[in-house]
Amino acid sequence: MSASMTATGTGSSITGSSDSTEVTACQICVILDQNILIRKPYQNPTFIKSKLLQQCNDLYYRPEQNKLCVEIVKQDFQALYQGTTNCKKLGYCPS
């Protein structure tokens with residue numbers, strides 16, 4: 001008799017993409033946003049931004065995903081860091 005445990009988190013909105021291997025702008029934005037929240041109490045914004053840009057290069061091997069990740073960091077880092085907006089409001093995720 002083993003209890004079945006399922007891990008569900010805030011990332012459940014990621015389901016429903018036509019190709020499960022395709023990384024969407026929404027997924028990239030959510031990952032970046034989560035990393036900002038995790039790092040925010042311990043690191044300054046300049047350091048966090050540089051780490052996120054490095055993460056874009058490390059995580060996304062496809063040029064279009066890498067470029068999109070870098071664009072999100074460059075355009076929207078400050079708003080995400082300040083918490084004045086989120087990935088849905090920025091238009092990366094469907095509402």
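The values are calculated or read from the model by the stated rules, or taken from the named source; none is laboratory data. All figures in this text were calculated on a predicted structure; none of them were measured in a lab. Because the Cβ atoms are built from the backbone with ideal geometry, glycine has one as well, and the counts that use them run over all protein chains shown.
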Given CYS87, CYS69, which one is part of a loop (DSSP other than H, G, I, E, B), in contact (Cβ under 8 Å) with a residue 12 or more places away in the chain, within 16 Å of VAL23 (Cβ to Cβ) and of a type outside the set (S, T, N, Q)? CYS87
In the set PRO41, PRO94, the lone residue that is over 12 Å from ALA25 (Cβ atoms) and not in a helix (DSSP H, G or I) is PRO41
Within region 46-95, restricting to residues that are within 13 Å of the chain's Cα centre (by Cα) and among the polar types (S, T, N, Q), the one that is nearest to ASP33 (Cα to Cα) is ASN86
Please verify whether region 14-25 includes one or more residues that are touching a Gly at 6+ places or on another chain (Cβ under 9 Å) and at pLDDT below 95. yes
